[in-house]
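A.B. asks: Would you mind keeping the following structure in view while I ask a few things?
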Amino acid sequence: MTPSTARAPGGTAAEVAAATRVDARTWDLTVASASLGRPAAVRIVLPEDHAPTPGRTWPVLYLLHGPHEDHTAWTREAGVEQLTEGRGLILAMPDCGPAGLSSRWLDGSDYESFQLGEIDGLLRRDYRASGVRAVAGVSTGGHGAMAHAARHPGAFRAAASFSGVLDTTFAGVPTVLDALMLRESLCPGTLWGDPVDGWDTWRAFNPTARAGGLRGTALYVSCGSGAAAPASGGGDELLPEVLESTLWPATQVFATALELRGIPVTTHYYEGGRHEWAYWRKEFAAAWPLLAHALGLSGSPPAACR
């Protein structure tokens, strides 16, 4: 099976090697991942009444981090653990690798199977996940959110991307991905190979090329133009305004590909903005009603994220 071939989201549930309780509802798990060939982390946040209601199952919202971050990013930068207070869902924040690219790499690392198979199986087996899922991501995590949903139609009820890499072959985007990889001391060719010689693989993981697979999924997409001064909060060190401005037209090409296929998508393009959490927190709050509706939850955004 080639790296570009989409697998059904399933497989053997990961086994937990270690578990650390962060607070009353938050756990950091280290799992033995066959798909990655190494131990990997996932942070989960459980509903308040998870333990007292052993017969109940719960929907899951997957949150994917971007480059130069880890599985703690969404709680550290966006405070999303407050989201589940009384809302009745599980948050799952898996390891997406140092570049945040939740894909199947040519070097053998398979984040797609790790997240959609091993982690999903773990949550269903040990934490009573219902199988109702939504996914959201920032930056390269936005690519993962849309690529997962597009490559596995029906696996997620909703998908959201904030400043995501949504057209991998758009002018300038392969160069951006190379730069992000090199910053993590990774060889760009270990991802999908050369973008010319490996065109079929690049296309297979391109959300724009796979846009038809998103039919029936509730979608939210946002991106800024990149011409903004630094904002407070953490940010990507790779010239955030330049990175955002490169993704701005590529995001609109992705949305146009959906619209040409008659696939509804909620978009928010904002002037200014940089590639950083100060903007993504606001976009997550804006996307929450769509995500919540898809998961069967209340649509009012959490006050901490507004």
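The values are calculated or read from the model by the stated rules, or taken from the named source; none is laboratory data. It should be emphasised that the depicted structure is a prediction, and the values quoted were computed from it without experimental measurement. Neighbour counts run over all protein chains shown; Cβ positions are idealised from the backbone, glycine included.
A.B. asks: Of the residues that sit in region 38-54 and are touching a strand residue (DSSP E or B) at 6+ places or on another chain (Cβ under 9 Å) and more than 20 Å from Gln82 (Cα to Cα), which one is surrounded by the most Cβ atoms within 10 Å (Cβ to Cβ)?
C.D. replies: Ala40
A.B. asks: Would you confirm whether any residue within region 175-191 is part of a helix (DSSP H, G or I), without any contact (Cβ under 8 Å) to a residue 40 or more places away in the chain and among the charged types (D, E, K, R)?
C.D. replies: Yes, some residue in region 175-191 is part of a helix (DSSP H, G or I), without any contact (Cβ under 8 Å) to a residue 40 or more places away in the chain and among the charged types (D, E, K, R).
A.B. asks: May I ask you to list the residues in region 180-202 that are over 20 Å from the mean Cα position of the chain (by Cα), closer than 16 Å to Pro98 by Cβ and among the hydrophobic types (A, V, I, L, M, F, W, C)?
C.D. replies: Of everything in region 180-202, those that are over 20 Å from the mean Cα position of the chain (by Cα), closer than 16 Å to Pro98 by Cβ and among the hydrophobic types (A, V, I, L, M, F, W, C) turn out to be Leu182, Leu186, Cys187.
A.B. asks: Follow-up. With respect to Glu283, is the statement that it is modelled with pLDDT under 95, under 19 Å from Ala73 (Cα atoms), within 17 Å of the chain's Cα centre (by Cα) and charged (D, E, K, R) true? Step through it out loud before you land on a result.
C.D. replies: Details: modelled with pLDDT under 95: no; under 19 Å from Ala73 (Cα atoms): yes; within 17 Å of the chain's Cα centre (by Cα): yes; charged (D, E, K, R): yes.
No.
A.B. asks: Filter region 15-36 down to the residues that are surrounded by 13 or more Cβ atoms within 10 Å (Cβ to Cβ), among the aliphatic types (A, V, I, L, M) and part of a strand (DSSP E or B) and list them by number.
C.D. replies: Within region 15-36, Val16, Leu29, Val31, Ala32 meet the criteria.
A.B. asks: Still on this structure, please answer the following. Is it fair to say Pro98 is surrounded by fewer than 21 Cβ atoms within 10 Å (Cβ to Cβ), under 23 Å from Glu15 (Cα atoms) and at pLDDT below 95?
C.D. replies: yes
A.B. asks: Here is a further query. Would you call Thr140 among the β-branched types (Val, Ile, Thr), touching a Leu at 6+ places or on another chain (Cβ under 8 Å), over 26 Å from Arg43 (Cα atoms) and modelled with pLDDT of 95 or more?
C.D. replies: Here the answer is no, as Thr140 does not meet what is asked.
A.B. asks: Taking Ala303 as the residue in question, decide whether it is modelled with pLDDT of 90 or more and not hydroxyl-bearing (Ser, Thr, Tyr).
C.D. replies: On the way: modelled with pLDDT of 90 or more: no; not hydroxyl-bearing (Ser, Thr, Tyr): yes.
No.
A.B. asks: Test His50 against the stated conditions and say whether it is in a loop (DSSP other than H, G, I, E, B), in contact (Cβ under 8 Å) with a residue 24 or more places away in the chain and touching a Lys or Arg at 6+ places or on another chain (Cβ under 6 Å). Write out each step before concluding.
C.D. replies: Numbers: in a loop (DSSP other than H, G, I, E, B): yes; in contact (Cβ under 8 Å) with a residue 24 or more places away in the chain: yes; touching a Lys or Arg at 6+ places or on another chain (Cβ under 6 Å): no.
It is false that His50 is in a loop (DSSP other than H, G, I, E, B), in contact (Cβ under 8 Å) with a residue 24 or more places away in the chain and touching a Lys or Arg at 6+ places or on another chain (Cβ under 6 Å).
A.B. asks: May I ask you to say which residue of Gly154, Gly131, Gly144 is in a helix (DSSP H, G or I) and either surrounded by fewer than 23 Cβ atoms within 10 Å (Cβ to Cβ) or out of contact with any helix residue (DSSP H, G or I) (no Cβ under 6 Å at 6 or more places or on another chain) (or both)?
C.D. replies: Gly144
A.B. asks: Regarding Ala92, is this residue farther than 30 Å from Asp194 by Cβ and touching a residue at least 60 places away in the same chain (Cβ under 8 Å)?
C.D. replies: no
A.B. asks: For region 62-121, enumerate the residues that are among the hydroxyl-bearing types (Ser, Thr, Tyr) and either within 24 Å of Leu166 (Cα to Cα) or in contact with a helix residue (DSSP H, G or I) (Cβ under 7 Å, 6 or more places away or on another chain) (or both).
C.D. replies: Tyr62, Thr72, Thr75, Ser102, Ser103, Ser109, Tyr111, Ser113
A.B. asks: Kindly establish whether Leu166 is over 20 Å from Trp27 (Cα atoms) and surrounded by fewer than 20 Cβ atoms within 10 Å (Cβ to Cβ).
C.D. replies: no
A.B. asks: Do you know which of the residues in region 55-66 that are modelled with pLDDT of 95 or more and not in a strand (DSSP E or B) is surrounded by the fewest Cβ atoms within 10 Å (Cβ to Cβ)?
C.D. replies: Arg56
A.B. asks: Looking only at region 217-240, filter to residues that are outside any loop (DSSP other than H, G, I, E, B) and closer than 20 Å to Gln252 by Cβ; which one of those is modelled with the lowest pLDDT? First the steps, then the outcome.
C.D. replies: Residues of region 217-240 outside any loop (DSSP other than H, G, I, E, B): 218-224, 235, 240.
This time we only want the ones that are closer than 20 Å to Gln252 by Cβ, so: 218-224, 240.
Working: Ala218: 98, Leu219: 98, Tyr220: 98, Val221: 98, Ser222: 98, Cys223: 97, Gly224: 95, Pro240: 72.
Restricting to residues being outside any loop (DSSP other than H, G, I, E, B) and closer than 20 Å to Gln252 by Cβ, the top hit is Pro240.
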